[in-house]
1. Given the condition among the hydrophobic types (A, V, I, L, M, F, W, C) and closer than 19 Å to residue 180 by Cα, answer yes or no: does some residue in segment 104-117 qualify?
2. Residue 128 fails exactly one of the following numbered conditions: (1) exposed (fewer than 11 other Cβ atoms within 10 Å of the Cβ); (2) of a type in the set (D, E, K, R); (3) under 24 Å from residue 183 (Cβ atoms). What is the number of that condition?
3. Say whether the condition of being under 30 Å from residue 163 (Cα atoms), in a helix (DSSP H, G or I) and touching a residue at least 40 places away in the same chain (Cβ under 8 Å) is met by at least one residue in segment 68-86.
4. Specify which of the listed residues (87, 104, 83) is closer than 19 Å to residue 168 by Cβ and either at pLDDT 95 or above or surrounded by 10 or more Cβ atoms within 10 Å (Cβ to Cβ) (or both).
5. With the structure loaded, tell me whether residue 103 is more than 30 Å from residue 186 (Cα to Cα), free of Cβ contacts under 8 Å to residues at least 12 places away in the same chain and of a type in the set (Asp, Glu) or whether it fails that test.
Amino acid sequence: MEENKNEMEEKQELNTEDIAPEEVETTEETPTEEASVKSENSEVEELKNKLEEEEERYKRLFAEFENFKKRTKKDRENIYGMVTGDVVSRILPIMDNLEKAAEVDTPDKNYKEGINLVVRQFSESLKDLGLEEIETIGQPFDPEFHEAISSVQDPSKGEKEIVQEYRKGYKIGNKVIRHSMVIVAN
């Protein structure tokens, strides 16, 4: 039995001696593995940088598009306001003449009621488009809304107070369609 033990020990010694050092696995990284890890890290960094650049480009493009939508909406509103103002300014003389016709005394009450009805309908239609009358009598003179055609001396009125309206003025929003023609005191 001792012989068997000795033989086994010799075989084990021979087996460990037969293994070449190249065949033993090492856990240390070889230079090629280090290079591949560094290469992978640089690729990851490069991809991260590209992703950040694309995200930044996307954000700029999105902001640019939002600004474009706002500008387009504002331009549409401005164009609508300009077109509406042009059309209304051409209709206002007709409205003035209808109002003058409604003021005339006539023995035919039905005729007068008909004229008043047309004036009301016309006025309501223009209000639906956003048209507003500019306030005048008793208001201080404002050259943005009023056009002074004359002035009078009246000690009972304040300085630059409007005492009479010669022609009505209108505006849509803040845009003046037609200035009011007024007479100003003092």
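The values are calculated or read from the model by the stated rules, or taken from the named source; none is laboratory data. Note that the structure is predicted; figures quoted are calculated from it, not measured. Ideal geometry is used to build each Cβ from the backbone, glycine not excepted, and the neighbour counts take in all protein chains shown.
1. The answer is no, given that none of the residues of segment 104-117 is among the hydrophobic types (A, V, I, L, M, F, W, C) and closer than 19 Å to residue 180 by Cα.
2. (3)
3. Looking through segment 68-86, at least one residue is under 30 Å from residue 163 (Cα atoms), in a helix (DSSP H, G or I) and touching a residue at least 40 places away in the same chain (Cβ under 8 Å).
4. Values: 104 fails: either at pLDDT 95 or above or surrounded by 10 or more Cβ atoms within 10 Å (Cβ to Cβ) (or both); 83 fails: closer than 19 Å to residue 168 by Cβ.
Unique residue meeting the criteria: 87.
5. no
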